[in-house]
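Have a look at the structure below before the remarks.
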Amino acid sequence: MSTGMSDVTTKDLIAMFDAIGAMIEANKGHLSELDGVIGDADHGVTMNIGFSAVTEALAALDTSATEPTAVFNIAAKSFLNAVGASSGPLYATAFMRAGAAVKGKASLDREAVVETIGAMAKGIQDRGKATRGEKTMVDAWLPGAEAAEAARDAGQPLEACLAAAAAAAAAGAESTKAMLATKGRASRLGERAIGHVDPGAASAALILATIARTLAPEGPL
Ligand SMILES: [Mg+2]
């Protein structure tokens, strides 16, 4: 198995999760505030608990003896143990699917990274049984994954695929402002939910932006 200079390693993935954890921590208050408008105001806290558990579990790993698939599987298990409901099972499924997508790989090339993002988006969609336009995190994850795939199909380098994913996820999150919620607690609000960004879509956009920033070909950060 060849490892190109720019391929993403286990160490890079752990640095990516660390950066996501820091990003969520920094935006914890903002995300809970968004959730307070249409939900129970706990999204930032919940995501922070989940990613703190992930980074703690990953910090204990021997990176030289751990394959990328194990990083994602450990992330899935620790996220779910820490967050049993709401976003917990969604991100646990995303990371489990990512682990399956990279099984047997010592490092991830452009194709594998784009596949991994697609697998996470699909996992979240399957687990949440949500489609686009329902004012959920799917509205950021799906356009993000599709933009990465389109950039890949156009022959763009990894950095451009990830930048496209981050930009599409941000636009997707913003688009939830105009949507009526049809899923979960927010659906009871009816038209009062209009004008507010969905907190799950907002955190998804932050996650994809952090993935783009950390997995560029030159390596983490
Ligand atoms: Mg909530």
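At-a-glance table
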{"item": "Percentage relative contact order, the range 45-91, counting C-alpha pairs under 8 Å, at least six apart", "result": "48"}
{"item": "All Cα pairs of the chain, percent lying beyond 29 Å", "result": "20"}
{"item": "Which listed pairs, of K28/K177; K77/K177; K11/K129; K77/K103; K129/K183, have C-alpha distances above 21 Å, in listed order", "result": "K77/K177; K11/K129"}
{"item": "Table column - 3J(HN,Hα) (Hz), the range 192-199, Karplus curve with 6.51, -1.76, 1.60, x for Gly and Pro", "result": "5, 6, 5, x, 10, 5, 5, x"}
{"item": "Between helix 138-153 and the chain: long-axis angle, C-alpha atoms, 0 to 90°, nearest 10", "result": "40"}
{"item": "Nearest 10 degrees, 0 to 90: helix 10-26 Cα axis against the chain principal axis", "result": "20"}
{"item": "The range 29-134 pair-distance distribution - Cα-Cα, 10 Å bins, rounded %", "result": "16, 39, 34, 10, 1"}
{"item": "C-alpha long axis of helix 110-128 to longest principal axis of the chain, angle in °", "result": "30"}
{"item": "Along each principal axis, Cα extent of the range 121-221, largest first, Å", "result": "46, 23, 20"}
{"item": "Order by protection proxy (mean Cβ within 10 Å, highest first), peptides 137-144, 182-189", "result": "137-144, 182-189"}
{"item": "Per-residue HN-Hα couplings for the range 49-66 [Karplus 6.51, -1.76, 1.60; θ = phi - 60°; Hz; x = Gly/Pro]", "result": "4, x, 6, 5, 5, 5, 5, 5, 5, 6, 5, 7, 7, 8, 4, 6, 10, 10"}
{"item": "Test item: Cα-centred dipole of the chain, Lys/Arg +1 and Asp/Glu -1 on Cβ, debye", "result": "600"}
{"item": "Backbone HN-Hα couplings from phi across the range 32-40 [Karplus 6.51/-1.76/1.60, Hz, Gly and Pro as x]", "result": "5, 4, 4, 5, x, 5, 10, x, 9"}
{"item": "Farthest positive-ward along the chain dipole, Cα basis, beta-carbon charges - from S87, A53, L215", "result": "S87"}
{"item": "Sequence-separation-based contact order of the chain, relative, with Cα cut under 8 Å and 6+ spacing, percent", "result": "24"}
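Since every read-out is calculated from the coordinates, none of them should be taken as a lab result. Because the structure is a prediction, the values reported are computed rather than measured. Positions of Cβ are backbone-derived with ideal geometry, glycine not excepted, and every protein chain shown enters the neighbour counts.
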